Amino acid sequence: MAEVLVLVDELDGEVKKVTYELLTLARRLGEPSAVVVGAPGTAGKVKDALGAYGAAKVYVAESDDAAGYLVTPKVDVLASLVEQASPAAVLVPASAEGKEVSGRLAIRIGSGLLYDAVDIDADGTTTHSVFGGAYTAKAKSGKGVPVISVRAGSVEPEQADGGAAETAVDVPAVDAAKATRITGTEPVVGGDRPELTEASVVVSGGRGVASAENFNVVEALADALGGAVGASRAAVDSGYYPHQFQVGQTGKTVSPQLYIALGISGAIQHRAGMQTSKTIIAVNKDGEAPIFEIADFGVVGDLFQVAPQLTDEVGKR
Ligand code: FAD
């Protein structure tokens, strides 16, 4: 069975959920091989978890350069593995870094790039949500080893037995003049909550929340559900919530099991970032708000009455 390379997304030895989703999708195409590019010692921490989601092999590319630079080491390692292993496909998370890795890799190896897929069929056909979610497009690469970037939250990760035998891979030395060095990392605000693009529940607030202080209503519901907090651009531009939590065309793309929109009208640019959520609940006092067109459940009402009641009810269970 052909190998399928999966670029592992991890932070400090903790595997991000999107990696398990990629391994689940990779099993439809062939035998998943996880590719760990990071600091020395990383693979030892993540190997068992990768095996539990079906990685038959773990390629280990560890060095200070691999940990110290964005994008470049990952592209170098994946390009050399494509040459060695002739995989059926390369799967990369459609994160900010992953999108750049996939684009550069496709150019490097002369392959087709399938960008921001939300599903992959066994024959390699990918599904994409395009034009702000207005259309679903199917695509297939006709050139080389397909490089597929996959949106987080697209599938439910499924466990499977894997051998996870380790194979060491060299990381070429990075030319500092041509690469982006990581100079430091800082925990994000609200660090106890799950990361927005990884969370299975997202509760977002819009302009209807009306102030930064009022966002505690959104946060309380998110915390009761163990979810992440998001915001519309209008809420961010009004200074109610930091930009890193913006959902939409010019913010993050999320695809959680449950998305709750509080005081958000549902403009096309917001929908572009949340439309593929599995279940959408909207609370809006305007019954004509466009968000109700895509909501599975809607409450026409005042969010300051509805959200605290929801929070209380969830807290009782
Ligand atoms: P509004 O449209 O003002 O809606 C507020 C809603 O709250 C209304 O429907 C109102 O009925 C309701 N409401 C008010 N008070 C209450 C209450 N007490 N209880 C219940 N409901 C209440 N937007 C994004 O979100 N993300 C993006 O990434 C993004 N990118 C953009 C890129 C471009 C190029 C452009 C042009 C725009 C972009 N926008 C984006 C902006 C987008 O067009 C909308 O302006 C924005 O999404 C509106 O945010 P909102 O729904 O919070 O505000």
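The values are calculated or read from the model by the stated rules, or taken from the named source; none is laboratory data. These numbers were taken from a predicted model, which means no experiment stands behind them. Using ideal geometry, Cβ is built from the backbone for each residue, glycine included, and neighbour counts are taken over all protein chains shown. When the accessible area is computed, the model is the full protein with side chains, heavy atoms only, and any ligands, DNA or RNA have been set aside. Shrake-Rupley method; radii C 1.70, N 1.55, O 1.52, S 1.80 Å.
Table for the structure above
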{"quantity": "Qualifying position, being open to solvent by 20 Å² or more (accessible area, probe 1.4 Å) and within 12 Å of the ligand (Cβ to nearest atom), among 298, 273", "calculated": "298"}
{"quantity": "Qualifying residue in the range 231-241 (condition: under 19 Å from the mean Cα position of the chain (by Cα) and touching a residue at least 40 places away in the same chain (Cβ under 8 Å))", "calculated": "no"}
{"quantity": "Considering residues of the range 276-289 that are within 17 Å of residue 205 (Cβ to Cβ) and buried (at least 17 other Cβ atoms within 10 Å of the Cβ) only, the residue nearest to the chain's Cα centre (by Cα)", "calculated": "277"}
{"quantity": "Residue match in the range 211-233 (condition: farther than 24 Å from residue 187 by Cα and near the ligand (Cβ under 10 Å from one of its atoms))", "calculated": "no"}
{"quantity": "From 254, 247, residue being open to solvent by less than 20 Å² (accessible area, probe 1.4 Å), within 7 Å of the ligand (Cβ to nearest atom) and of a type in the set (A, V, I, L, M)", "calculated": "247"}
{"quantity": "Residue in the range 185-202 that is within 26 Å of residue 131 (Cβ to Cβ), in a strand (DSSP E or B) and not acidic (Asp, Glu) present", "calculated": "yes"}
{"quantity": "Exclusive hit being crowded, with 16+ Cβ neighbours inside 10 Å and within 16 Å of the ligand (Cβ to nearest atom), set 202, 150, 155", "calculated": "202"}
{"quantity": "Those residues of the range 162-193 which are open to solvent by 50 Å² or more (accessible area, probe 1.4 Å), of a type in the set (A, V, I, L, M, F, W, C) and at pLDDT 90 or above, in sequence order", "calculated": "168, 173, 176, 177, 182"}
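Residue by residue, here is whether (1) surrounded by 19 or more Cβ atoms within 10 Å (Cβ to Cβ); (2) of a type in the set (A, V, I, L, M, F, W, C) holds:
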site: 54; (1), (2): yes, no
site: 64; (1), (2): no, no
site: 67; (1), (2): no, yes
site: 75; (1), (2): yes, yes
site: 93; (1), (2): yes, no
site: 97; (1), (2): no, no
site: 101; (1), (2): yes, yes
site: 106; (1), (2): yes, yes
